[in-house]
Amino acid sequence: MRGRLSTIVGERWLLFLLSLAIAAGLWFSVKEGTRQVIFPGRPGAALLTVPVVPTLVGAPAEGFAVRGVEVRPPLVTLAGPMEVLEKIDTVSTAEVNISDARADITRTVELRLPPGVRSIGAVTVNVRIGPATLRFIRETPVELQRLPDGLRAEATPAVVTVEVEGPAALTGALRPADLRAVVDGAALAPGIYRIRPQVLVPSGVRLVALRPREIVVTVRRLYP
C-alpha cells in the first residue's frame, strides 16, 4: 500500500513538472520597468508593452501656452520580430498640430512604428491650452494691523517672500504695493504668537508659496 501511494505521488509530481516545463517553453516573459517583452513559443515572434510619447508641432497663439498633455492609453502593446522590439523603449505618435491654438485640442492619431511592427488601435492625445502664466517672487514687509490701543507688536522676520503666478500681462505689471502680507492684531493680547500672514494679491493672480509659512509676533504693552 505504501509503495503504491509513493508511486501515485511520484506520478503527480512528474505531471506537474512536465506541465511547468511546457508552460515555460511556450511563454517566457522579461520585465524592465514599464517595458515588458513577451516571447511566445514561435521563434522570432514577440510582444512588447511600452510608453507612448506624444509628438506636438507648432505653438499656441500669442498669450497662450501648453498647460498639460495626456495620452490615452499611456501604454501600448506592440507585436513584431523579437530583434526589432528589443531595441524599442518608447513609441511616438503621429504629429499633433497646436499652431495658434487658444483652447484644448484632442486628436486620435496613429503610432510611428518600425517596419514589421504592429499595434492594436490608435491613441488619443489631449493637449490642454490656457493663458500663458508668469511666476513672480518678491520680498514683502509684514503689516501688523488693528492692534489694540496701548500695545505694540514686532514681527520676526519682518519681511516674507511671496511667490505668485498669473497671466503674464498681470504678473509682469505688479507693483510692490500690489502684494501685501498682513497680520490682523485686533484679538491679540500681550504675548508671543506664531501666525501665518494673510497674503493679499490682485484679482487674476494666484499665491503659489509663502516663505516662511509662519512668523513670530511678539506683542508688548507700550507702558509697564
Any idea what the dipole of region 31-131 comes to, in debye rounded to 20, about its Cα centre with Lys/Arg Cβ at +1 and Asp/Glu Cβ at -1? 260 debye
For GLU83 and ALA168, compute 0.36 nm times the residue count separating them, minus their Cα-Cα distance, and round to one decimal in nm. 25.6 nm
In region 41-127, taking the dipole from +1 charges on Lys and Arg beta carbons and -1 charges on Asp and Glu beta carbons about the Cα centre, the listed residue (PRO81, VAL91, ALA101) farthest towards the positive end is PRO81
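About the Cα centre of region 133-221, how large is the charge dipole given +1 on each Lys and Arg Cβ and -1 on each Asp and Glu Cβ? Please answer in debye to the nearest 20.
On the way: 13 positive and 9 negative charges, 28 e Å.
That gives region 133-221 a dipole magnitude of about 140 debye.
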Distance in Å, no decimals, from the C-alpha centre of region 110-155 to the one of region 57-80 is 18 Å
Can you give the FRET efficiency to the nearest 0.05 for LEU75 and ALA177, using r as the Cβ-Cβ distance and R₀ = 45 Å? 0.30
For LEU147, residues with placed amide H under 5 Å, excluding near neighbours: GLY185
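Label region 31-131 by shape, choosing from rounded, prolate and oblate, from the square roots a ≥ b ≥ c of the eigenvalues of the Cα gyration tensor; if a/c is under 1.5 it is rounded, and otherwise prolate applies when a/b is larger than b/c, oblate when it is not. Mind dumping the intermediate values first?
Working: a/c = 3.39, a/b = 2.83, b/c = 1.20.
Here region 31-131 falls in the prolate category.
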Label model pair ALA189, ARG206: point-to-point distance (7 angstrom along the Cα→beta-carbon line) in nm is 4.1 nm
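Just so you know, all these numbers are worked out from the coordinates, no wet-lab data involved. Since the model is a prediction, treat every value here as computed from it, not as a measurement. Cβ coordinates were reconstructed from backbone atoms using ideal geometry, including for glycine residues, and neighbour counts include every protein chain displayed.
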